[in-house]
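Presented below is the structure to which this report refers.
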Amino acid sequence: MENNNFPLRVCYSQFRSFNCNQCEKCRRTITALTLEGIDPNEHGFNIDGNFFGKLKADITQGHVIKDLTDFLLWRDIQMHVPKKIDHDLYNSKVFFEWFRDFNIVKSIKNPEERFGVKWALFYVYYKSPKNVRQATAKLLRPYPKY
């Protein structure tokens with residue numbers, strides 16, 4: 001039988017250990033893995049049952065989502081939280097039930113000032129119905145990303 005427990009190095013905030021488990025990138029990766037029912041501790045992370053309670057508090061207090069890129073990445077995770085969550089890895093079920101309906105914008109202090117026109121455009125895009133987002137993405141494909 002094949003061993004699928006391969007380590008993921010995602011952290012760039014330190015070099016003393018494999019992943020710090022506390023930076024935004026580590027926490028986002030842990031959240032995404034857990035949402036998919038994958039144990040992050042089997043892939044280079046080290047968390048316990050308190051991780052998601054602390055993450056919820058930190059997100060609510062504006063300590064996690066600090067810029068437009070963070071917003072877009074966390075919003076993508078949020079959009080993939082299903083109505084029914086079939087697992088409770090590390091007490092994550094309550095977090096995902098909360099996060100699914102949480103207004104991420106409220107966690108960002110002064111988004112209009114910090115992100116300007118880009119913020120307004122992305123906010124309108126992500127508040128649009130899924131079919132409008134898909135049509136917009138299709139229209140933008142020929143244009144280079146910058």
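The values are calculated or read from the model by the stated rules, or taken from the named source; none is laboratory data. As the structure is a computational prediction, the values presented were derived from the model and not from experiment. Neighbour counts run over all protein chains shown; Cβ positions are idealised from the backbone, glycine included.
Taking the listed residues 8, 55, 72, the one that is of a type in the set (A, V, I, L, M) and surrounded by 18 or more Cβ atoms within 10 Å (Cβ to Cβ) is 55, with no other qualifying. Close contacts from segment 23-35, counting a first residue that is within 17 Å of residue 72 (Cβ to Cβ) and a second that is outside any helix (DSSP H, G or I), with Cβ to Cβ under 6 Å and a gap of 6+ residues or different chains, come to 24/64; 25/10; 29/10. Checking each residue in segment 49-88 for being at pLDDT 90 or above and either among the β-branched types (Val, Ile, Thr) or touching a Cys at 6+ places or on another chain (Cβ under 9 Å) (or both) picks out 59, 60, 64, 77, 81, 85. Summed over segment 77-103, the residues that are free of Cβ contacts under 8 Å to residues at least 40 places away in the same chain and under 16 Å from the mean Cα position of the chain (by Cα) give a count of 8. Annotation: of all residues in segment 1-48 being at pLDDT 90 or above and charged (D, E, K, R), the one that is farthest from residue 67 (Cα to Cα) is 42. Here the condition is being at pLDDT below 80 and over 16 Å from residue 70 (Cβ atoms); of 141, 100, it holds for 141 alone. When you scan segment 50-69, do you find a residue that is in contact with a Ser or Thr (Cβ under 9 Å, 6 or more places away or on another chain), more than 23 Å from residue 102 (Cα to Cα) and among the aliphatic types (A, V, I, L, M), even just one? Among the residues of segment 50-69, not one is in contact with a Ser or Thr (Cβ under 9 Å, 6 or more places away or on another chain), more than 23 Å from residue 102 (Cα to Cα) and among the aliphatic types (A, V, I, L, M), which makes the answer no.
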